[in-house]
Structures are given as C-alpha cells and as structure tokens.
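Every number here is computed from the coordinates shown, using simple stated rules; none is lab data. Since the model is a prediction, treat every value here as computed from it, not as a measurement. We place every Cβ from the backbone using ideal geometry, glycine too, and count neighbours over all the protein chains shown.
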Amino acid sequence: MGYFLTALKQHKEKIILIIMGLFMFLAPYSVSGIYQKLTPVPSSVLATFLATGVLFLLLLVHFKDRKQLNPLSLEQKAFLGSIYIPGILAILAAFFNLTVMLSVHYVDYITQALPNRVINLTLFLMLFYTFFKLISFLDNKVLLSITRWYLFGVLIVTAIGIWQFLHFMFGYPMIDLNTRSFVHSVESDVLFNFRLTSITDEPSYLVPFLIDALIIGLVLYASKKKYFLLVFIPCMFVLIFSFSVSGYANIALLVGFIVVIFFTTKLENKRKILKYTLYGLIPVVILMIIQWDFVLQLLQPITGRFDTLFDIHRHSRLYMLVMPIAWLFDYSWVNSIFGFGPGSYWFLAQTKFLYHQGPLSVTSNNIFIDLLFEHGVFGFLLITAMFVYVFYRLFKVRNEHKYFLYSLILWVHLAITSMYRSDFVSPRFWAIVIIIFIFVELGKRDKGMSTLSSLKSR
C-alpha cells in the first residue's frame, strides 16, 4: 500500500493528465445515445466517476501537504456557490413540498430523478474541486494538453459529421446513427433535405461543441494556417449544414460580441486581423449578391421555421420556456422562492403537456429556466448574478493577457449555449468551465499574479 501511495505521488502529473485528458476527450460523446448505452450505467457518468475517484485519491495522498494545494479563486467559489447553495436549499424545499403537494408523481420524482441529479452534481463538484486543488502540481504544458484532448474529441465528432454529409449527398456507406437528422417544421421544399448531427442525438446538441472548438483552437494552434484548415473549415462546414437555428443564433451573437471586444480591447496586429477578416468576407458577400436565390434555398431549413418559432402554441421549446414561470407559483411560497428541487423539471414532464402534442421534455433546454423551476427565484437570481460577476471580472482584465481574453469569449459562449442547451449536469458544461479556469490560471502564471483583482491593482 505504501509503495502504491508513493507511486501516486511520484507520477501524479502524468496520472492527472491521463485521467483528465480522458474525461475531456469523452465529453463531446456524452450527448450521443449510442455512447451512453455502451455500459450498464450511462457511460458519461462512469467516466466522470472514474476521473473523480482518481483525483480524490490524489488529493487524499497530498492532504498532509496542504500548503502545496491550490486555493480556489473568488470566481471559482462564486461559480460553485451559485449552483450548490441553492441546490441544497432546494432539496430541503423539495421535502417540504412533499408534505404540501400530496402528488404521486412528486413522490416518484423524489425517489427517482432527485437522487440521480444529486449524484451527478456531487460528482462534478468533486471533480472540479479536486482538479483545481491539485492544479499547482501541473505545469503549463500539461494544462494545455488537457485542453487539447477536448479539442481532439470535438474534431473526431466533426469528422463523423463530414462523413455523414458524404453519406447523405453521395451515398457513402455509414451505419444508422438513429439521430434527428431530418428537416422538420418546414412546409416548403428545401435544397438539402437533411441536417448534420454527427453522433449526437440532434443538431442543437452538436453545435455548442463546434463553436467550442472554434474558440479553443485559436488558443492551441500557433499556426493560424493549421487552425484554418484543421479546425475552422471543418467545424464551420458541419455547423452550416447542421441547419440548427440555435447554432446560427449562437454564432451570430458571439460574433457580435467579438466585434465589440475587437474595437474595445488592445490587440496585437489589429489592422492585420481586420484586413484578413474583410478579405475573407468578400467571397461570402459576392456569393450572396450573385446567388441570392441559392442562399435562400440553402437556408430554407432555418428560415422555413420562423413561422412557428415565436408561436407558443406551435413551438414546443418556447412553450417549455414560458410556462414553468407560471407553474413555479402553483403551490406554496417555499417552492416559489427555493424551487421544487434539483432535477424537478422531470416532475413537469410527468404532469404537464404541450399545447399541441405529448408531454414536456425533462428540460426546458435553458439553464436559467430550469434552475428557476428547480432552485426557485433565489437560485435563478444567484446563477444569473454569477454569470454577470465572472463576466465582469474577466472583462476587466481582458487587456492583460490573451488567455484572459479567450476566457472571456469562452465564458460568453457558455452563457449563450446555456440558453438553448441546459447541460449544467453534463460533462460538456463542466469541461468548458474547467478550460476557462485553466486559461485564467495560465494567464495568472504568465503575469506572475495570484488573483485577477491583483492584476488591476498593479
């Protein structure tokens, strides 16, 4: 046993790289039904449990050397507190609600969905906490390698998406992925009667990963030519042919934010970046002018859905976004303030129905609405304040180092994706948060500072 513990201490850097690299690499596959069914329990839960267990063991081994462990930053504490403090209060409120509501479906939620949500949140809490306590043992190359494994995972998913395109267009052989690759909610004919999903269950699950790669690749590829060929072109190609309304809106909002940042931030080679960006837009503008009808046909899977996009009676996602605000106040003031309990949107899926078809989904696909119902008004205000607080802290230091700037962009992207993919209990959400704070850590190391606030007081 003593030899085993000694080996853990001696090789801790390699062990952390392997275990976190594996977690990062597998994160993009967590939205694939095929991947999740590979093991008796969901494969993503098993991967998270493995990573958490190893990191926790390493933390115990180094517990006597507490001075070597890294203290959590204010931003990290704010992030954890905004999820777990309301979550604990929501659990207490759930048991109070059980005495008020007298619903067999709520009893089912307490015995089924609540334990699953608590287990998932506990695993991610331990993973996040143990990794950042041990981060001082890792050098910059290891931290970048951990991030790189996430990018590799996304690029493989992207390659499968390109293969899927070749399958639909030219009949290349491919196994049936059983995903929502069909065009729906469009009454007129479309130029491409398919949507790329790769191995994910539907396009809106795929596009956040593609945009993740577009941002992270900028940091990891020193050669912008390699980035353009290996990351930008493949990811943008799959994103365009995903025909995801959410993905198109995501990229538009993010580009708008980047434009604002570009003109308000000190950047090297700003004129050069602007020049090449404009050069890149010229062929796009020419294509839109000359082949406008073709562009309209190409985008028909998107524009054809506008008729129902804002109709609450015909658009199920909008219905699931709006109605929980009213349902939150159905019973007592306790559940209004502190929510119906973690994972209780599952309860809505058992008791509420869409206006035009079937029951609700187990999520509204929006982290703020999910947590409004699950953690109440208190939880909603806290998670919103946390996103604003971390944004403010990163925005203040964006000029100090490129890592802070990319952390800010990635944080804004996470906030956008959280409005159409409520995946805060999935590996992707936590992988991105970990990468954001890895970039912050790298920036602080290069600046020789221990906190973001000390940068401003220099």
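In this structure, N178 and V388 have a Cβ-Cβ separation that, at R0 = 56 Å, corresponds to a calculated FRET efficiency of about 0.90. Using the Cβ-Cβ distance between A326 and L46 with R0 = 35 Å, the FRET efficiency computed as 1/(1 + (r/R0)^6) comes to roughly 0.40.
Would you please classify the overall shape of region 95-147 from the alpha carbon gyration tensor, given that a ≥ b ≥ c denote the square roots of the eigenvalues, rounded means a/c under 1.5, and beyond that prolate means a/b larger than b/c while oblate covers the rest?
prolate
Taking the inverse of the mean reciprocal distance over all distinct Cα pairs, the Kirkwood hydrodynamic radius of region 15-98 comes to 15.8 Å.
One chain, two ends: I34 and F257. Fully extended at 0.36 nm per residue, the span grows by 76.7 nm beyond their Cα-Cα distance. For region 218-290, place one equal point scatterer on every Cα, skip the solvent, and apply the Debye formula. What is log10 of I(q)/I(0) at q = 0.16, 0.19, 0.21 Å⁻¹? Debye output, listed in q order: -0.78, -1.13, -1.35. Averaging Cα coordinates gives a centre for region 33-48 and one for region 323-337; these two points are 34 Å apart. Each Cα pair under 8 Å and six or more residues apart adds its sequence gap; the mean of these over the residue count of the chain is a relative contact order of 21 percent.
Separation of the alpha carbons by more than 20 angstrom is noted, of K266/K402; K14/K225; K67/K141; K133/K444; K12/K67; K77/K133, for K14/K225; K67/K141. For the chain, the mean residue ellipticity at 222 nm estimated from helices alone is -22500 deg cm²/dmol, where every DSSP H run of n ≥ 4 contributes -39500 (n - 2.57) and the total is divided by all residues, rounded to the nearest 500.
Reported to two decimal places, what Rg/Rh ratio describes the chain when computed on Cα atoms with Rh from the Kirkwood expression?
On the way: Rg = 22.9 Å, Rh = 23.7 Å.
Ratio value, two decimals: 0.97.
The S136 and I290 beta-carbon pair, evaluated with R₀ = 41 Å, returns a calculated FRET efficiency of approximately 0.10. Between the amide H of L354 and those of L360, distances stay under 5 Å, these residues lying 5 or more places away or on another chain, with hydrogens modeled in the peptide plane. Direction-averaged projected area, Cα convex hull, region 376-432: 4.1 nm², rounded to one decimal. Remark: the S145-V362 segment gains 74.6 nm on full extension, using 0.36 nm per residue and subtracting the alpha carbon distance. Multiplying the residue separation of V377 and N193 by 0.36 nm and removing their Cα-Cα distance gives an extension gain of 62.0 nm. Sorting 272-280, 155-163, 202-210 by average packing, meaning the other beta carbons within 10 Å per residue, from highest down gives 202-210, 155-163, 272-280. Distance from the C-alpha centroid of region 395-443 to that of region 205-237: 16 Å, rounded to the whole angstrom.
Scanning the chain for long hydrophobic helices, with DSSP H runs required to stretch 20 angstrom or more by C-alpha along their axis and to average at least -0.5 on the Kyte-Doolittle scale, returns 12-26, 43-61, 74-101, 113-133, 140-170, 203-220, 245-264, 270-290, 367-396, 402-417, 427-447.
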